[in-house]
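Reviewing the structure listed below.
The values are calculated or read from the model by the stated rules, or taken from the named source; none is laboratory data. All of these numbers come straight from a predicted model, not from anything done at the bench. In this analysis, Cβ positions are derived from the backbone assuming ideal geometry, glycine residues included, and neighbour counts consider all displayed protein chains. Just the protein is used for accessible areas: all its heavy atoms, side chains included, with ligands, DNA and RNA removed. Shrake-Rupley method; radii C 1.70, N 1.55, O 1.52, S 1.80 Å.
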Amino acid sequence: MIEKLRFEQWRLKKQIARHGLTRKKLAGMMGLTGQTFSKKMQGIVEWRLSDIQKLKEYLPNANIAEIFHI
């Protein structure tokens, strides 16, 4: 069985703000709807590797490993 990816919402929110973005703006940049992004932030919908790669691209100074415990 594949273990669910652990994720710290507050760390990601902090990095989004630190990069001068809103969650809505970042969602659009990632090709996600605001609703889908919100569900990912709430842990309802899982983050995919492609999502994490986009976060790294759009939040270049973020410590992705710390946010997602990878």
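At-a-glance table
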item: For the chain: lysine pairs under 17 Å (alpha-carbon distance), excluding those fewer than 8 apart on one chain; result: 24
item: Mean ellipticity per residue at 222 nm, deg cm²/dmol - from DSSP H runs of n ≥ 4 across the chain, formula -39500 (n - 2.57); result: -16500 deg cm²/dmol
item: Heavy-atom accessible area per residue - the chain, 1.4 Å, Å²; result: 70
item: Distant-in-sequence amide H partners of Val45 (H built 1.01 Å from N, under 5 Å); result: Lys40
item: Rg and Dmax [Cα atoms of the chain; Å; Rg one decimal, Dmax integer]; result: 11.2, 38
item: Order of exposure, largest accessible area first, which applies to Trp47, Trp10 with probe 1.4 Å; result: Trp10, Trp47
item: Sites matching trypsin sites (Lys or Arg not before Pro) across the chain that sit in DSSP coil, with at most 13 neighbouring C-beta atoms within 10 Å; result: Lys4, Arg6, Arg48
item: Exposure of Glu46 as accessible area (Å², to 10), given a probe of 1.4 Å and all protein chains; result: 100
item: Solvent-accessible surface (1.4 angstrom probe) belonging to Leu21, in square angstrom, nearest 10; result: 40
item: Distance-filtered residues of the stretch 1-42 - backbone nitrogen under 16 Å, label point 7 angstrom along Leu49 Cα→Cβ; result: 2-6
item: Solvent-accessible area, 1.4 Å probe, carbon plus sulfur percent, for the chain; result: 51
